[in-house]
Amino acid sequence: MRTRPRFISARISFSICMRRSAGSEKGAACLRRLFQATVCRAMEHELSAFFFDTLGLQSRLSDLGIDDRDFAVMAKKACGQYGMRPGFTDLTPKDVEAIYRMCL
């Protein structure tokens, strides 16, 4: 299955925002969100290319020789004294440990 180039997807989204509520506050908010999402995707791509292609950094913990034997201790320390990592979604040590396992 072929995917659209990013600039075409952005142009289609822009057109939808303009048609949906041209000139209104709702339309301006839609365009702001679209712009922010586009900039974030571009920055993510550029940073990823810089870290992994230019600097040659490893992308997996196993590439660095890190295994899962200390994940429980690492997760507990990451969650601090309250046992919870606050954020958009609060993370428990078990959640953090699962994230570490996905990085192997």
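Observations on the model:
- Residues of the range 40-68 classified as hydroxyl-bearing (Ser, Thr, Tyr) and outside any helix (DSSP H, G or I), total: 1
- Which numbered condition Leu104 fails, given (1) hydrophobic (A, V, I, L, M, F, W, C); (2) modelled with pLDDT of 85 or more; (3) in a helix (DSSP H, G or I): (3)
- Test for Arg41: is it surrounded by fewer than 12 Cβ atoms within 10 Å (Cβ to Cβ) and not aliphatic (A, V, I, L, M): no
- Odd one out for Asp53 among (1) surrounded by 14 or more Cβ atoms within 10 Å (Cβ to Cβ); (2) modelled with pLDDT of 80 or more: (1)
- Scanning the range 60-78 for residues that are small (Gly, Ala, Ser) and surrounded by fewer than 11 Cβ atoms within 10 Å (Cβ to Cβ) returns a single hit, Gly65.
The values are calculated or read from the model by the stated rules, or taken from the named source; none is laboratory data. Here the structure is a predicted model, which means the values were calculated and not measured. Quick reminder, even Gly has a Cβ in these numbers, built from the backbone with ideal geometry, and neighbours come from all protein chains shown.
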